[in-house]
Amino acid sequence: MKVKTAVVGVGSMGKNHVRLYSELKDSELVAIADIDSQKAKEIGKKFNINWYSNYLQLLQEEEVDAISVSAPTSTHYEICKNILNSKKHVLVEKPISSNLEQAKNMIELSKRNGILLMVGHIERFNPAVLKLKELLTEDFLGEIVSLSSKRVGYYKPGQRAIFDVVVDFSIHDIDVMRFLVEHEVKSVYSKTKSILSELEDYVSAILEFENGVSGIIESNLFTPTQIRTMHITGTKGYAEIDFINQDITIYGNLEKEGHKASKNQILKYSNTIIGRPFVAKNEPLKLELEHFLNCIISNKTPLTDGNEGLKNLEVAKMIMLSSEKNMPVNKVS
């Protein structure tokens, strides 16, 4: 079975959805739509598929099973609402929507229409994250005590004007922390700042999880180099993830703890306290789209379904509210 796919919004991220849908064995790419008709035409011709400047026309004229929505966040709700009501499966880029009520309505629409709603939290499909999750399951680090992330990079002033440092940037680390800790965030204390632009372009946040684990998030949009890292402290060891290079470094006396290499777990030791797990590197978006298609074919709940998207957005809103009130918060009011 091939899933008939389409993409709404073919900007920098949407172009990659188009490319991958044209390559994946379980996908038959049939159409795209973008408000920029010239851009839609160019990509449509490149991939020899139908193109539209209005996604509603695509919905009326094309036989489609699933649609990726890569349009601006402010348009997510309106576009997804119409697609969900047309009973097409949806993968919407993160964040799920601009506000919580819209996100809840999208989840309700997907349930009412009996179709899948998945949110594109791409770092959840980063091979390094998946490998670390496996290591945690196998008790390589013991119990998690704390996590700390740094996600920084340079964005031109014009780009910063369309970026929300928390909702568009830090939400990656919110999602990964929730995935690794397996508990929800209980409270948040944060500071946001406007350093080089009118909008907030810096955030530092402390998350307290229900099981007592602490998470520290730092993000900004003006550091002149890209850094995407997370450090995890456990009762038996310490791990560092490099999201960009898809590498993991583990510190801990793993050899004395009795952790041995196996056919499923290849460890290369430079000494007894540093482990570099083998990570089968791959394109996270490809893994994400493969998962989406597989969930449609197998009728399974996506790893990052609408509820996961909603929970991540709730934490992002808590971070913003804490900074606004200059105090810890434990709910979005």
(request) State whether one or more residues within segment 293-303 are in contact (Cβ under 8 Å) with a residue 12 or more places away in the chain, open to solvent by less than 60 Å² (accessible area, probe 1.4 Å) and not in a helix (DSSP H, G or I). (result) yes
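Say whether the condition of being touching a helix residue (DSSP H, G or I) at 6+ places or on another chain (Cβ under 8 Å) and surrounded by fewer than 24 Cβ atoms within 10 Å (Cβ to Cβ) is met by at least one residue in segment 37-45.
So the first thing to find is which residues in segment 37-45 are touching a helix residue (DSSP H, G or I) at 6+ places or on another chain (Cβ under 8 Å), and the list is 43.
Add one more test, that the residue is surrounded by fewer than 24 Cβ atoms within 10 Å (Cβ to Cβ), and what stays is 43.
Yes, some residue in segment 37-45 is touching a helix residue (DSSP H, G or I) at 6+ places or on another chain (Cβ under 8 Å) and surrounded by fewer than 24 Cβ atoms within 10 Å (Cβ to Cβ).
Return the residues of segment 85-104 that are surrounded by fewer than 19 Cβ atoms within 10 Å (Cβ to Cβ) and either farther than 20 Å from MET318 by Cα or in contact with a Ser or Thr (Cβ under 8 Å, 6 or more places away or on another chain) (or both); say none if nothing qualifies. Walk me through how you get there before you give the answer.
Of all residues in segment 85-104, those surrounded by fewer than 19 Cβ atoms within 10 Å (Cβ to Cβ) come to 85-87, 98-102, 104.
Hits for segment 85-104 are ASN85, SER86, LYS87, SER98.
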(message) Kindly evaluate MET118 against the criterion of being over 28 Å from THR249 (Cβ atoms) and in contact with a Cys (Cβ under 6 Å, 6 or more places away or on another chain).
(response) no
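Does segment 81-101 include one or more residues that are within 26 Å of ILE297 (Cα to Cα), assigned to a loop (DSSP other than H, G, I, E, B), touching a residue at least 24 places away in the same chain (Cβ under 8 Å) and among the β-branched types (Val, Ile, Thr)?
Yes, there is a match, as at least one residue in segment 81-101 is within 26 Å of ILE297 (Cα to Cα), assigned to a loop (DSSP other than H, G, I, E, B), touching a residue at least 24 places away in the same chain (Cβ under 8 Å) and among the β-branched types (Val, Ile, Thr).
Check segment 77-97 and report whether any residue there is on the phi > 0 side of the Ramachandran plot and basic (Lys, Arg). Steps first, answer last, please.
Taking segment 77-97 first, the residues on the phi > 0 side of the Ramachandran plot are 87.
With the extra rule that they be basic (Lys, Arg), the set shrinks to 87.
For segment 77-97, residues on the phi > 0 side of the Ramachandran plot and basic (Lys, Arg): present.
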(message) Regarding segment 63-79, can at least one residue be identified that is outside any loop (DSSP other than H, G, I, E, B), in contact (Cβ under 8 Å) with a residue 24 or more places away in the chain, open to solvent by 50 Å² or more (accessible area, probe 1.4 Å) and farther than 14 Å from GLY9 by Cα?
(response) no
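If you check ILE195, ILE174, which single one turns out to be at pLDDT 95 or above and of a type in the set (A, V, I, L, M, F, W, C)?
On the way: ILE195 fails: at pLDDT 95 or above.
Selected residue: ILE174, the only one of ILE195, ILE174 that is at pLDDT 95 or above and of a type in the set (A, V, I, L, M, F, W, C).
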(request) Considering each residue of segment 225-241, count those that are modelled with pLDDT under 95 and either open to solvent by 60 Å² or more (accessible area, probe 1.4 Å) or out of contact with any strand residue (DSSP E or B) (no Cβ under 9 Å at 6 or more places or on another chain) (or both), and give that number. (result) 3
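Which one is farthest from VAL166 (Cα to Cα), of the residues in segment 318-333 that are part of a helix (DSSP H, G or I) and open to solvent by less than 20 Å² (accessible area, probe 1.4 Å)? Please lay out each step first, then the result.
Start the filter on segment 318-333 by keeping residues that are part of a helix (DSSP H, G or I), which leaves 318-325.
Keeping just the survivors that are open to solvent by less than 20 Å² (accessible area, probe 1.4 Å) gives 318-319, 322.
Numbers: MET318: 10, ILE319: 8, SER322: 12 Å.
My answer is SER322.
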(request) Could you pull out the residue among SER149, SER110, SER170 that is of a type outside the set (A, V, I, L, M, F, W, C), touching a residue at least 40 places away in the same chain (Cβ under 8 Å) and assigned to a strand (DSSP E or B)? (result) SER149
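Does VAL188 meet the test of being in contact (Cβ under 8 Å) with a residue 24 or more places away in the chain, hydrophobic (A, V, I, L, M, F, W, C) and assigned to a strand (DSSP E or B)?
On the way: in contact (Cβ under 8 Å) with a residue 24 or more places away in the chain: yes; hydrophobic (A, V, I, L, M, F, W, C): yes; assigned to a strand (DSSP E or B): yes.
So VAL188 passes the test.
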(message) Given the options GLU240, GLU200, GLU218, name the one that is closer than 20 Å to VAL152 by Cα, assigned to a strand (DSSP E or B), in contact with a helix residue (DSSP H, G or I) (Cβ under 9 Å, 6 or more places away or on another chain) and not hydrophobic (A, V, I, L, M, F, W, C).
(response) GLU218
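The values are calculated or read from the model by the stated rules, or taken from the named source; none is laboratory data. What you are looking at is a predicted structure, and each value in this text was computed from that prediction instead of being measured. As a convention, Cβ positions derive from the backbone with ideal geometry for all residues, glycine included, and neighbour counts pool all protein chains shown. Areas reflect the complete protein model, heavy atoms only, side chains present, ligands, DNA and RNA absent. Shrake-Rupley method; radii C 1.70, N 1.55, O 1.52, S 1.80 Å.
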